[in-house]
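Remarks on the structure that follows.
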Amino acid sequence: MTHTTSTLQLPEAPALLGTKGWILFLAAFIIVCAVVPVLNLWAPADSVFHMSDYAVALVGKIMCYAICALAMDLIWGYTGILSLGHGLFFALGGYVMGMYLMRQIGTDGNYKSNLPDFMVFLDWKTLPWHWTFSDSFLATLLMIVLVPGVLAFVFGYFAFRSRIKGVYFSIITQAMTFAAMLLFFRNETGFGGNNGFTDFKRILDLPIATPAMRMTLFVLTGWALLMSYLFARWLVQSKFGRVLQAIRDAESRVMFSGYSPLPYKLTIWVISAVMCGIAGALYVPQVGIINPSEMSPANSIEMAVWAAVGGRASLIGPIVGAFLVNGMKSWLTVTAPEFWLYFLGALFIGVTLYMPQGVVGLIQKLSAKTKAEERV
């Protein structure tokens, strides 16, 4: 009598990107690292191919927003957690970078003091304790990750442990952001009050307002966006990502299956916050200012709009949404500034009612329909 043993064949992990995906990724990499620098730095200003400094700054800013939209997709699209407070993590990363840039000004400020100008104006004699390591670039890089990450961990731990979810979770995230904005508006906190930080002059002791530095920051932002996309794709295709999607679809069943949702939700919440912090740190040297208005509830709501318009749970959708919405915002605020907010509200309502899968979902649906008709 012979015994046969059979082994369970687990499905192979899907490829990170297909052939078409890698081609598009490589094309985006070449555009960021080669095409845009050539068009901006070497193409003559009167050439039709010249990319202006304004266009470079605008695209760089939108790429920072796209990283935030991707972070929003990880927690909302794939985990079902709608945050209306991610503007806080974006602003915290920006403030950490802004503190370093303010220290880089040195004695070149209006008051010729080693203290930032706003501190001299307020008659401060020494730096506050939380500025201790702000003159170190390596410490700044570490704090860009730690500050939003630790805050997200503490907030998320107590919120998820208390099983707060749905609209209640969204409300308390917005309340947290609003409270932080009011705190940063106060002069005694040492963050510049209403005006925040501005008038940056150097980064790593190099002039910040040169074409070469501007392009370096643009390329770094493009790399960060592309790497964030690859990381997010790897994450959602892993076992961890599948559990996140199960939590989104039926959290009670996940618990009955022996999984505790808390560590999964907390981990993705912290990862998402850190991504926003990195985006904020890249945003500040390109825009040249950071103030408490970046923490306004409207900014956090816009992040959700980018993800919804582009298409949740698609990764590429939120990136498309960030470029589409902010491109339209840039155009409309010049041509019809009084109608911009009405347009944004109408866009969000229209997408919710008629395009629940967003722009990318609509394109995929039309593409599938076309292929089906071709087969017939």
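The values are calculated or read from the model by the stated rules, or taken from the named source; none is laboratory data. As the structure is a computational prediction, the values presented were derived from the model and not from experiment. Using ideal geometry, Cβ is built from the backbone for each residue, glycine included, and neighbour counts are taken over all protein chains shown. Surface areas here come from the heavy atoms of the whole protein model, side chains and all, with no ligands, DNA or RNA. Shrake-Rupley method; radii C 1.70, N 1.55, O 1.52, S 1.80 Å.
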Practice prompt. Being over 30 Å from Leu16 (Cα atoms) and in contact (Cβ under 8 Å) with a residue 60 or more places away in the chain narrows it down to one of Asn326, Asn299, so name that one.
Written response: Asn299
Worksheet item: Are any residues in the range 188-220 closer than 21 Å to Glu294 by Cβ, open to solvent by 70 Å² or more (accessible area, probe 1.4 Å) and in contact (Cβ under 8 Å) with a residue 12 or more places away in the chain, and if so, which ones?
Response: Asn194, Asn195, Asp199, Leu220
Worksheet item: Quick one: is Leu347 part of a helix (DSSP H, G or I), within 21 Å of Ala304 (Cβ to Cβ) and under 23 Å from the mean Cα position of the chain (by Cα)?
Response: yes
Response to the item:
With the first residue restricted to the range 347-375 and required to be farther than 16 Å from Ala322 by Cβ, and the second required to be open to solvent by 50 Å² or more (accessible area, probe 1.4 Å) and assigned to a helix (DSSP H, G or I), Cβ contacts under 8 Å at 6 or more apart or on different chains are Met355/Leu362; Gln357/Gln364; Gln357/Lys365
Worksheet item: So which of Ser293, Ser367 is part of a helix (DSSP H, G or I) and closer than 30 Å to Phe184 by Cβ?
Response: Ser293
Worksheet item: What are the pairs, 6+ residues apart or on separate chains, where a residue within the range 145-156 that is open to solvent by 50 Å² or more (accessible area, probe 1.4 Å) has its Cβ under 6 Å from a residue that is in a helix (DSSP H, G or I) and aliphatic (A, V, I, L, M)?
Response: Val145/Val274; Phe153/Val270
Practice prompt. Collect the residues in the range 144-158 that are touching a Leu at 6+ places or on another chain (Cβ under 9 Å) and of a type outside the set (Phe, Trp, Tyr), keeping them in residue-number order.
Written response: Ile144, Val147, Pro148, Leu151, Ala152, Gly156
Practice prompt. Would you mind stating whether Phe185 is closer than 30 Å to Trp129 by Cβ and open to solvent by 60 Å² or more (accessible area, probe 1.4 Å)?
Written response: yes
Practice prompt. Check whether at least one residue in the range 245-253 is without any contact (Cβ under 8 Å) to a residue 60 or more places away in the chain and either hydroxyl-bearing (Ser, Thr, Tyr) or surrounded by 19 or more Cβ atoms within 10 Å (Cβ to Cβ) (or both), and report yes or no.
Written response: yes
Worksheet item: In the range 42-79, how many are part of a loop (DSSP other than H, G, I, E, B) and either among the aromatic types (Phe, Trp, Tyr) or surrounded by fewer than 20 Cβ atoms within 10 Å (Cβ to Cβ) (or both)?
Response: 11
Worksheet item: How many residues, within the range 75-117, are of a type in the set (A, V, I, L, M), within 30 Å of Tyr157 (Cβ to Cβ) and touching a Pro at 6+ places or on another chain (Cβ under 9 Å)?
Response: 7
